[in-house]
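Presented below is the structure to which this report refers.
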Amino acid sequence: YSSARQDQINLLPPEVLHQVFRHLDPPDLQSAVLVCRLWREVAEAPSLWSWVGLRLTRENQSTMLEFLERRRMKHVRKIWLEEVTAEVLQAVVRHQGLRVMQGICWRHGGYQTHPKVVLDTMDPSLIAKAVTKMEKLKLVCPQLTFRQVEAILTTISTGKCQLKDLQISCVNSMSELDPNLLARAVNELENFDMRNNELNMHQLEVILTAISRGHSKVKTLNIKGQCASTLDIGLLARAVRRM
């Protein structure tokens, strides 16, 4: 823009500028922040940046943690964690907008691995706070301990968290969990994906019995990789009809 054209635009009320900025593509919005002080103040509005998805890695952790504190990031909803530390989880708990989190603490096949990521020393209550403020969560993490998984499911089972869609898979300690706790947590979720956790037959039976009784919110249940060949077919059918 010429200087005269920008002066004309700057005569617009901030709320009109905000509406203009809503129609900008992400690269143009990023450029608008740099034009002048007025444009920066208007373009920093958190509602204009809710489309952002953050990916936190080992290499960019300090930058991303600082970025999360910025005004424009207050309405960001999605974050992918490839590096999980207590500091990261505390930042997630503090953030008011985050509702979708994907935590990959271990990958297999052709994907990158992070062998130094260790969760087993973290406070279970901190992990539960970070997890259960989400609406959607994906955790692929063998390092989660029995106490940490128990804390997550206990919080879910109270019905006081926002979580609706949970994938928690490849966790080595799931078979040790109280079947009734698992069932109560399942009842509070809409979608529960617990593939490849090696649940025992009694746990599966209690979960499916709870669903079949019709008091569950669950719409989809993924038990891929579980040994379910001896499940009562009638119980399985009753549970499926409820979903």
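The values are calculated or read from the model by the stated rules, or taken from the named source; none is laboratory data. Keep in mind the model is a prediction, meaning the values are calculated, not measured. Here the Cβ is made from the backbone with ideal geometry for all residues, glycine too, and neighbour counts use every protein chain on show. The area values use the complete protein model at the heavy-atom level, side chains included, leaving out ligands, DNA and RNA. Shrake-Rupley method; radii C 1.70, N 1.55, O 1.52, S 1.80 Å.
What are the residues in the range 192-220 that are touching a strand residue (DSSP E or B) at 6+ places or on another chain (Cβ under 9 Å), open to solvent by 40 Å² or more (accessible area, probe 1.4 Å) and modelled with pLDDT of 90 or more, if any? So that I can check it myself, show each step before the final result.
Narrowing the range 192-220 to residues touching a strand residue (DSSP E or B) at 6+ places or on another chain (Cβ under 9 Å): 192-197, 207-208, 211, 218-220.
Okay, now just the ones that are also open to solvent by 40 Å² or more (accessible area, probe 1.4 Å), so 195-196, 219-220.
Across the range 192-220, the qualifying residues are LYS219, THR220.
Which of the residues belonging to the range 132-186 are among the hydrophobic types (A, V, I, L, M, F, W, C), open to solvent by 10 Å² or more (accessible area, probe 1.4 Å) and under 16 Å from ILE79 (Cβ atoms)?
LEU139, VAL140, listed by residue number.
What are the residue pairs meeting all of these: first residue in the range 161-184, first residue closer than 17 Å to ALA210 by Cβ, second residue aromatic (Phe, Trp, Tyr), Cβ atoms under 7 Å, and 6 or more apart or on different chains?
Correct list of pairs: LEU166/PHE192.
Would you tally the residues in the range 96-119 being at pLDDT 85 or above and open to solvent by less than 50 Å² (accessible area, probe 1.4 Å)?
Of the residues in the range 96-119, the ones at pLDDT 85 or above are 96-102.
From what is left, the residues that are open to solvent by less than 50 Å² (accessible area, probe 1.4 Å) are 97-101.
Result for the range 96-119: 5.
Could you list all residues from the range 56-95 that are without any contact (Cβ under 8 Å) to a residue 40 or more places away in the chain, open to solvent by 30 Å² or more (accessible area, probe 1.4 Å), assigned to a loop (DSSP other than H, G, I, E, B) and among the charged types (D, E, K, R)?
GLU59, GLU69, ARG70, LYS74, ARG77
Please determine whether any residue of the range 178-191 is within 18 Å of the chain's Cα centre (by Cα) and at pLDDT below 85. Before you say what the answer is, go through the steps one by one.
Filtering the range 178-191 down to residues within 18 Å of the chain's Cα centre (by Cα) leaves 185-186, 188-191.
Those left that are additionally at pLDDT below 85: none.
No: the range 178-191 contains no residue that is within 18 Å of the chain's Cα centre (by Cα) and at pLDDT below 85.
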